[in-house]
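Undergrad: Mind looking over this structure? Questions follow.
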Amino acid sequence: VDAFQAWCGPCKTVVDLFRKIRNEVGRDLLHFAVAEVDSIDALEEYRGKCEPVFLFYTGGRLAAVVSGANAPLLQKTIQEQL
C-alpha cells in the first residue's frame, strides 16, 4: 500500500515504479493499492511527513514498512516478501 499525502510530490512519482515491478513479477503475486492518509483515519500516524510510506501486507498482517521513495530498497523488500 502506497500511503501518501496529496500535496507530496515524491509520493506521486513512485506509482510508476510499482506498476513496472508488478508487471515484472506478475499481477497474481503482487497487488498494489494507493491510500491517501489524510482521508483514512486508520493511517493517521503517517500524516504530516513529506515522504511516501509503503506498507507491505501478507496474509492480512503488516509484514514490512519502507519509508521514502527509495527504488532499490522497495525492489529488495518486494523480492524478500514474495
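The values are calculated or read from the model by the stated rules, or taken from the named source; none is laboratory data. Please read all numbers here as calculations on a predicted model, not as lab measurements. A quick note on method: Cβ atoms are made from the backbone with ideal geometry, for glycine too, and the neighbour counts reach across all protein chains shown. Surface accessibility is based on the protein's heavy atoms, side chains included, excluding ligands, DNA and RNA. Shrake-Rupley method; radii C 1.70, N 1.55, O 1.52, S 1.80 Å.
Undergrad: Which of rounded, prolate or oblate describes the chain when judged by the alpha-carbon gyration tensor and an a/c cut-off of 1.5?
TA: prolate
Undergrad: Can you sort Asp16, Asp41, Asp2 by solvent-accessible area, 1.4 Å probe, largest first?
TA: Accessible-area ranking of Asp16, Asp41, Asp2, largest first: Asp41, Asp16, Asp2.
Undergrad: Just the accessible area for Glu36, please: 1.4 Å probe, Å², rounded to the nearest 10?
TA: Result for Glu36: roughly 60 Å² accessible.
Undergrad: Give the range of the longest stretch in the chain that excludes all trypsin sites (Lys or Arg not before Pro) found in loop regions by DSSP and having at most 14 other beta-carbon atoms within 10 Å.
TA: My reading of the result: 48-82 is the longest stretch.
Undergrad: How would Val65, Val14 line up by accessible area, probe 1.4 Å, largest first?
TA: Val65, Val14
Undergrad: Give the range of the longest stretch in the chain that excludes all chymotrypsin sites (Phe, Trp or Tyr not before Pro) found in loop regions by DSSP and having at most 15 other beta-carbon atoms within 10 Å.
TA: Between the exposed loop sites, the longest stretch runs 33-82.
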